[in-house]
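Working notes, beginning with the structure itself.
The values are calculated or read from the model by the stated rules, or taken from the named source; none is laboratory data. Since we're looking at a predicted model, the values are computed, not measured. Every residue, glycine among them, receives a Cβ derived from its backbone with ideal geometry; neighbour counts consider all protein chains shown. When the accessible area is computed, the model is the full protein with side chains, heavy atoms only, and any ligands, DNA or RNA have been set aside. Shrake-Rupley method; radii C 1.70, N 1.55, O 1.52, S 1.80 Å.
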Amino acid sequence: MNLTFSLKYRQTDEYLIRLSSVCLADFLSKDVSESISKKHEIIEIGLQRIKGEMPTNVVTLSQITNFIAKIFEQNKHFIFYFFATT
């Protein structure tokens, strides 16, 4: 699974959120990987700021967090793996 969302806040800030499936075999043993894969899907979250130069305020961070939370709330079998890029 690969999903990409572009979020705009105010007129000066834009963020790109990427959700992608992670191959468990890259991180875990085959037995553990197969066991987890039966019930769950590991999702990598990429957050990239595309536009804007001012520090991200708490309100915007809260909105981004709530957006991601809604996706995981609707997909209870997801386990997330997070990284941030600049």
note = The condition of being open to solvent by less than 40 Å² (accessible area, probe 1.4 Å) and in contact with a helix residue (DSSP H, G or I) (Cβ under 6 Å, 6 or more places away or on another chain) holds, among LEU24, LEU19, only for LEU24
task = Report yes if THR12 is under 18 Å from the mean Cα position of the chain (by Cα), open to solvent by 70 Å² or more (accessible area, probe 1.4 Å) and among the β-branched types (Val, Ile, Thr), otherwise no.
result = no
ask   = For the range 32-51, which residues satisfy the criterion of being among the basic types (Lys, Arg) and surrounded by 14 or more Cβ atoms within 10 Å (Cβ to Cβ)?
value = ARG49
remark   = Subset of the range 52-82, residues open to solvent by 50 Å² or more (accessible area, probe 1.4 Å), among the hydroxyl-bearing types (Ser, Thr, Tyr) and in contact (Cβ under 8 Å) with a residue 12 or more places away in the chain, comes to TYR81
